[in-house]
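Enquirer: One structure, pasted below without further comment.
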Amino acid sequence: MDHPLTANIRPGEGPPDIEAYGKAGGYRALQKVLKEADPKGLIQTVMDSHLRGRGGAGFPTGRKWSFVPPGDRAAHPVYFIINADEMEPGTFKDRLLLEGNPHLLIEGTIIGAYAIQADIAYIFLRQEYTLAKRSCSRAIARAYERGYLGKNILGSGYSLELYLHTSAGRYICGEETALLNALEGRRAIPRAKPPFPPVTGLWGKPTIVNNVETICNVPIIVEHGADRFRELSRSVDGGTKLYGVSGRVKRPGLWELPMGATIREILEEHAGGMRDGFKLRGIIPGGASTDFLAADQLDVKMDFDSVAAAGSRLGTGTMIILDDRTCPVGMVLNLIRFFARESCGWCTPCREGLPWLARILEAIENGEGRPRDLDILRRHTGLLAPGHTFCALAPGAVEPLQSALTLFEEDFNRHIRENRCPWRK
């Protein structure tokens, strides 16, 4: 129970088939729900577990489910959607679950759909995840054969159809309303809110969108109870968390640890520390759209509130490491270029502002920067802050830049002063 998300994942051996998953206790939580739980009580159990969304925003999962109008007040069909369009740079946690144990996701999806009395569910999958597509397709087919999906599931009277949708692959689909537009076959751009998806979502019907890792926790909560789930954590947020590290460390990878494990524990004990000859300069704690933390902040707990208090966001919980041989200006330029390319172009600040930031950073990196460029960069991080754009893409994109301008200001100044990138040979 210490590692419930990854207990049945065997790297290199392929995912467990439905028989192996069943022998390990799989679909037992679903049977329990269908026999014993009412939707309202199930939602309350998830609320009591303190499960927060693992896609980046950290919104309480049970509370989100509670926004769907109950019973006859809901306009059917009701939709339950899994966002598996994992495109955040530096993030690869959902891929492990999709490829390693798709039945856990399917069971969680059915339970979550039952909680809101959904009629139809989708797994919205990133196009490049071809192995995950094969794994999930086989698992869905086996689940239908066993009566876990379809009409009158296990004789309960509850029915659910589950579809695997391979997306066209744009970063903006991580925003839930852009995802809904893409599912409807329209341009993937964010929608104005309100109305919010739990009331008016896919094709105008009540819709819940949850992240892969979030929903994989649901069978664990049902099987072991909300109290036990909270005990797995070292913080007020319940459960375990998949933490990742990429960069010049000795063992880059992914580990399931108690929510609230410190950066030091993840980096030094599990990732093995920095590679020989490299020193730590900074940490992006939760994927590319989060602020840098400094090298002296290793004792920060990796939970939502602690990372926020330290000046960043937990995000996806997958750290990107900046070492002393990597140019911080070049690193930020690389990230801003990505976000500029992935802007949907719907609002002016994002469409025009991010390419403008990329051009300024490129000039600085190429030795053509001017002292006033830093003031321009700082001003634009404010112009692209939350509340100034249609969705969170641009505000997230400028987080590593705004923090780099503070933590690595001398590096920016040195580029401008010497008319070159000091890291280039």
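The values are calculated or read from the model by the stated rules, or taken from the named source; none is laboratory data. All of these numbers come straight from a predicted model, not from anything done at the bench. Quick reminder, even Gly has a Cβ in these numbers, built from the backbone with ideal geometry, and neighbours come from all protein chains shown.
Enquirer: With the condition kept exactly as written, say whether any residue in the range 250-265 is of a type in the set (Phe, Trp, Tyr), in the same structural domain as Met47 (by TED's automatic domain parsing) and farther than 21 Å from Met331 by Cβ.
Expert: Scanning the range 250-265, I find no residue that is of a type in the set (Phe, Trp, Tyr), in the same structural domain as Met47 (by TED's automatic domain parsing) and farther than 21 Å from Met331 by Cβ, so the answer is no.
Enquirer: For the range 292-327, what are the residues that are among the acidic types (Asp, Glu), out of contact with any Gly (no Cβ under 6 Å at 6 or more places or on another chain) and in a loop (DSSP other than H, G, I, E, B)?
Expert: Selection gives Asp296, Asp299, Asp324.
Enquirer: Would you pick out the residues in the range 344-402 that are in contact with a helix residue (DSSP H, G or I) (Cβ under 8 Å, 6 or more places away or on another chain), charged (D, E, K, R), farther than 14 Å from Gly330 by Cα and in a helix (DSSP H, G or I)?
Expert: Asp373, Arg378 - these are the residues of the range 344-402 that are in contact with a helix residue (DSSP H, G or I) (Cβ under 8 Å, 6 or more places away or on another chain), charged (D, E, K, R), farther than 14 Å from Gly330 by Cα and in a helix (DSSP H, G or I).
Enquirer: On to the next question. Considering every residue within the range 44-63, establish whether at least one is farther than 27 Å from Val236 by Cα and either touching a strand residue (DSSP E or B) at 6+ places or on another chain (Cβ under 7 Å) or in contact (Cβ under 8 Å) with a residue 60 or more places away in the chain (or both).
Expert: Checking the range 44-63: not a single residue is farther than 27 Å from Val236 by Cα and either touching a strand residue (DSSP E or B) at 6+ places or on another chain (Cβ under 7 Å) or in contact (Cβ under 8 Å) with a residue 60 or more places away in the chain (or both).
Enquirer: Next question, about the same structure. For Ser159, all conditions in the list (1) surrounded by fewer than 18 Cβ atoms within 10 Å (Cβ to Cβ); (2) out of contact with any Asp or Glu (no Cβ under 8 Å at 6 or more places or on another chain) hold save one; what is the number of the exception?
Expert: Every condition holds for Ser159 apart from (2).
Enquirer: Among the candidates Glu265, Glu269, which residue alone is surrounded by fewer than 17 Cβ atoms within 10 Å (Cβ to Cβ), of a type in the set (D, E, K, R) and more than 20 Å from Glu410 (Cα to Cα)?
Expert: Answer to the selection: Glu269.
Enquirer: Could you figure out which of (1) assigned to a loop (DSSP other than H, G, I, E, B); (2) surrounded by 21 or more Cβ atoms within 10 Å (Cβ to Cβ); (3) not hydroxyl-bearing (Ser, Thr, Tyr) isn't true of Ala143?
Expert: (1)
Here is a yes/no grid of residues against (1) assigned by TED's automatic domain parsing to the domain that holds Ile120; (2) farther than 16 Å from Ile82 by Cα:
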{"site": "Ile172", "(1), (2)": "yes, no"}
{"site": "Leu183", "(1), (2)": "yes, no"}
{"site": "Arg186", "(1), (2)": "yes, yes"}
{"site": "Lys193", "(1), (2)": "yes, yes"}
{"site": "Ile208", "(1), (2)": "yes, no"}
{"site": "Val212", "(1), (2)": "yes, no"}
{"site": "Val218", "(1), (2)": "yes, no"}
{"site": "His224", "(1), (2)": "yes, yes"}
{"site": "Gly244", "(1), (2)": "no, yes"}
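Enquirer: Further question on the same structure: Do we have Pro206 as within 26 Å of Arg73 (Cβ to Cβ), of a type outside the set (A, V, I, L, M), buried (at least 22 other Cβ atoms within 10 Å of the Cβ) and over 19 Å from the mean Cα position of the chain (by Cα) here?
Expert: yes
Enquirer: Let me ask you something else. Across the range 238-257, what is the total count of residues that are closer than 14 Å to Gly317 by Cα and assigned to a strand (DSSP E or B)?
Expert: Counting residues in the range 238-257 that are closer than 14 Å to Gly317 by Cα and assigned to a strand (DSSP E or B) gives 12.
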